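Read the structure below first, then the notes.
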Amino acid sequence: MRVAMIGTGYVGLVSGACFADFGHTVTCIDTNEAKIAGLREGKMPIFEPGLDVLVAKNVREQRLFFDTKAAEAVRNADAVFIAVGTPSRRGDGHADLTYVFAAAEEIAKLIDGFTVIVTKSTVPVGTGDEIEAIVHRVRPDADFAVVSNPEFLREGAAIDDFKHPDRVVVGSDDERARAVMQDLYRPLYLNETPIMFTDRRTSELTKYAGNAFLAMKITFINEIADLCEAVGANVQHVARGIGLDKRIGSKFLNASPGYGGSCFPKDTLALVTTARTANSPMTLVEATVTANDRRKKSMADRIVNALGGDAVGKTVGILGLTFKPNTDDMRDSPSLDIVPALLAAGAVVQAFDPEGMTEAASLLPGIALKDGAYDVADGADVLVILTEWDQFRALDLSRIKSAMRAPRLVDLRNIYKREEITRHGFDYFSIGRP
Ligand code: UDX
């Protein structure tokens, strides 16, 4: 099949490269000239493990192309994917669909012959209807179908999630469109991936429901973690104890400083807004958003408490600034709440992140960026593990201790065990454990 992918962000670039690796011919389109020029030279605009190799292979084998102009690719395409950003609109939490509608207008002008227009971006329920209306208005003669095909990619595991998804969801009532989507995803039959066909609105809502449920599950275990601290229980054991129940499942039960990223915060807000507009409020998701925001902000208090209640003039070393490991993404990362609060409390902050340093330099100007974990520990009154990068999992604790001004470790990801840390003479603070 011939595919045009509009947008080369996390979703568009990974989806385009994976479709090409399935054997389809894919052209990824972006208006950003520098981005396209970089991609043509093999320079990735995002950090995603394995993406550079996957892109290079498919460019070399002439299945993957990059362009700033959409005309050629869209005209020849069997399927045109809209994979542009849908950020939270300032203030009201609605998804900002400016880029989606602009793409729909442009595609409408260019399509030739029956074309499937696929929303891969996460869009509110009913957006497919609006895209359909736009294309009809611009091209009353066009023969097309608008399909919802939400992505379920986790940053840092996006390629694997695309190639080995738990399911593919396709929202369309058009038989021809369903046949095109079947052909596009045929390579996944090899590992019997369920492809679920439903109507467009159900598919759009399924994406939000999935993310909101995961965000709620994380927030649930985070509140259990706080209760564990109050009653002297161990949240990791509670998580294991409930996770062994197959109806609950053990994934996404790691207590944390709260969830971040470019999806959960945005999608929970958008779902709450959609539900309010539809007069059917999602009160559990509203509570999740409130609880998670409060949690991220409260983490700085834990660090100040570890310093004895006063951070003025103290040096806080932070390991990890991205919202999760194996990404350079800092969108809605807990560090964006924690660091400013520490600076406001009079602390000096020095930090390191394996991939997030460029982002951090612009998003957290008031901190000193160091070259590694041991530099961050140098002269620190407290060391904080904020993102659970693998390289923070086996620190040389004696070396860390001798570098620090005082041996205090705040482990916000429960990477270490208390006895191991206290044996090295540290004061140890973690999440939801006695
Ligand atoms: C998420 C969904 O997992 C993915 O299916 C969807 O397509 C996009 O949004 P992503 O945001 O990339 O993916 O990361 P994910 O691994 O889901 O983590 C999201 C946040 O939850 C991170 O801040 C992470 O630290 C946090 N988290 C995750 C926890 O706090 N505890 C957990 O057990 C798991």
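The values are calculated or read from the model by the stated rules, or taken from the named source; none is laboratory data. Predicted model only: the values in this text are computed from it and were never measured. Positions of Cβ are backbone-derived with ideal geometry, glycine not excepted, and every protein chain shown enters the neighbour counts. The accessibility values were calculated without ligands, DNA or RNA, using every heavy atom of the protein model including side chains. Shrake-Rupley method; radii C 1.70, N 1.55, O 1.52, S 1.80 Å.
List every residue pair whose Cβ atoms sit under 7 Å apart, with the two residues 6 or more apart in sequence or on different chains, where the first one lies in the stretch 148-169 and is within 17 Å of residue 17 (Cα to Cα) and open to solvent by less than 20 Å² (accessible area, probe 1.4 Å) and the second, anywhere, is assigned to a helix (DSSP H, G or I) and basic (Lys, Arg).
The qualifying pairs are 150/207.
In the stretch 200-240, how many are under 16 Å from residue 266 (Cβ atoms) and within 17 Å of the chain's Cα centre (by Cα)?
Selection size over the stretch 200-240: 12.
Whether any residue in the stretch 278-288 is within 15 Å of the ligand (Cβ to nearest atom) and open to solvent by less than 80 Å² (accessible area, probe 1.4 Å) is what I want to check.
Yes - at least one qualifying residue is present in the stretch 278-288.
What pairs can you find where one residue is in the stretch 411-434 and free of Cβ contacts under 8 Å to residues at least 24 places away in the same chain, the other is among the charged types (D, E, K, R) and open to solvent by less than 10 Å² (accessible area, probe 1.4 Å), and their Cβ atoms are less than 6 Å apart, with a gap of 6+ or different chains?
These pairs meet every condition: 430/411.
Of these, 135, 123, 100, 118, which one is part of a strand (DSSP E or B) and surrounded by 15 or more Cβ atoms within 10 Å (Cβ to Cβ)? Reasoning before the result, please.
Numbers: 135 fails: part of a strand (DSSP E or B); 123 fails: part of a strand (DSSP E or B); 100 fails: part of a strand (DSSP E or B).
Answer to the selection: 118.
Looking only at the stretch 145-156, count how many residues are more than 7 Å from the ligand (Cβ to nearest atom) and not in a strand (DSSP E or B). Step through it out loud before you land on a result.
Step one: filter the stretch 145-156 for residues more than 7 Å from the ligand (Cβ to nearest atom), giving 145-150.
If we keep only those that are not in a strand (DSSP E or B) as well, we get 149-150.
Looking only at that region, the number is 2.
Farther than 18 Å from residue 296 by Cα, in contact with a Gly (Cβ under 8 Å, 6 or more places away or on another chain) and not assigned by TED's automatic domain parsing to the domain that holds residue 156: which single residue out of 375, 332, 328 fits that description?
Values: 375 fails: in contact with a Gly (Cβ under 8 Å, 6 or more places away or on another chain); 332 fails: farther than 18 Å from residue 296 by Cα.
Just one listed residue meets the conditions, 328.
Limited to the stretch 322-340, what total is found for residues that are outside any loop (DSSP other than H, G, I, E, B) and near the ligand (Cβ under 9 Å from one of its atoms)? Reasoning before the result, please.
First, pick out the residues of the stretch 322-340 that are outside any loop (DSSP other than H, G, I, E, B): 335-340.
Subsequent filtering for residues that are near the ligand (Cβ under 9 Å from one of its atoms) retains none.
Looking only at that region, the number is 0.
Going by the structure shown, is residue 89 without any contact (Cβ under 8 Å) to a residue 12 or more places away in the chain and either closer than 16 Å to residue 17 by Cα or open to solvent by less than 10 Å² (accessible area, probe 1.4 Å) (or both)? Let's see the steps before the verdict.
Details: without any contact (Cβ under 8 Å) to a residue 12 or more places away in the chain: yes; either closer than 16 Å to residue 17 by Cα or open to solvent by less than 10 Å² (accessible area, probe 1.4 Å) (or both): no.
In short, no.
Consider only pairs whose beta carbons are under 6 Å apart and that are at least six residues apart or on different chains; among these, list those whose first residue lies in the stretch 255-283 and is over 16 Å from residue 330 (Cα atoms) and whose second residue is within 8 Å of the ligand (Cβ to nearest atom) and in a helix (DSSP H, G or I).
255/221; 255/222; 267/211; 268/215
Mind checking which residues of the stretch 54-84 are more than 21 Å from the chain's Cα centre (by Cα) and part of a helix (DSSP H, G or I)?
Just the residues of the stretch 54-84 that are more than 21 Å from the chain's Cα centre (by Cα), to begin with: 56-80.
Correct list: 56, 57, 58, 59, 60, 71, 72, 73, 74, 75, 76.
Inside the stretch 193-304, counting only helices (runs of 4 or more DSSP H) that do not spill past its ends, which hold 1 or more residues that are touching a Pro at 6+ places or on another chain (Cβ under 6 Å) and charged (D, E, K, R)? Please lay out each step first, then the result.
Values: elements: 200-231, 235-243, 264-277.
It comes to 200-231.
Suppose we keep only residues that are assigned to a loop (DSSP other than H, G, I, E, B), open to solvent by less than 10 Å² (accessible area, probe 1.4 Å) and within 16 Å of the ligand (Cβ to nearest atom) within the stretch 360-416. Which one would you say is nearest to residue 239 (Cα to Cα)?
412
Exactly one of (1) touching a helix residue (DSSP H, G or I) at 6+ places or on another chain (Cβ under 6 Å); (2) under 30 Å from residue 412 (Cβ atoms) is unmet by residue 231. Its number?
If we test residue 231 against (1) touching a helix residue (DSSP H, G or I) at 6+ places or on another chain (Cβ under 6 Å); (2) under 30 Å from residue 412 (Cβ atoms), just (1) comes out false.
In the set 317, 308, which member is in a loop (DSSP other than H, G, I, E, B) and within 25 Å of residue 374 (Cβ to Cβ)?
308
So which of 215, 209 ends up being within 28 Å of residue 258 (Cβ to Cβ), open to solvent by less than 30 Å² (accessible area, probe 1.4 Å) and within 16 Å of the ligand (Cβ to nearest atom)? Can you show your working first?
Values: 209 fails: open to solvent by less than 30 Å² (accessible area, probe 1.4 Å).
Just one listed residue meets the conditions, 215.
Within the stretch 402-409, identify whether any single residue is within 14 Å of residue 319 (Cβ to Cβ) and either within 27 Å of the chain's Cα centre (by Cα) or not hydrophobic (A, V, I, L, M, F, W, C) (or both), and answer yes or no.
Keep residues of the stretch 402-409 that are within 14 Å of residue 319 (Cβ to Cβ), which gives 403-404, 408-409.
Those still in the list that are either within 27 Å of the chain's Cα centre (by Cα) or not hydrophobic (A, V, I, L, M, F, W, C) (or both) too: 408.
Within the stretch 402-409 (the criterion being within 14 Å of residue 319 (Cβ to Cβ) and either within 27 Å of the chain's Cα centre (by Cα) or not hydrophobic (A, V, I, L, M, F, W, C) (or both)), the answer is yes, since at least one residue qualifies.
Inspect all residues belonging to the stretch 35-44 and state whether any of them is under 24 Å from residue 123 (Cα atoms) and open to solvent by less than 40 Å² (accessible area, probe 1.4 Å).
Within the stretch 35-44 (the criterion being under 24 Å from residue 123 (Cα atoms) and open to solvent by less than 40 Å² (accessible area, probe 1.4 Å)), the answer is no, since none of the residues qualifies.
Kindly indicate whether any position in the stretch 69-80 is buried (at least 22 other Cβ atoms within 10 Å of the Cβ) and of a type in the set (S, T, N, Q).
no
If residue 172 meets every condition in (1) out of contact with any Leu (no Cβ under 9 Å at 6 or more places or on another chain); (2) at pLDDT 95 or above; (3) within 16 Å of the ligand (Cβ to nearest atom) apart from one, which number is that one?
Only one criterion is unmet by residue 172, namely (3).
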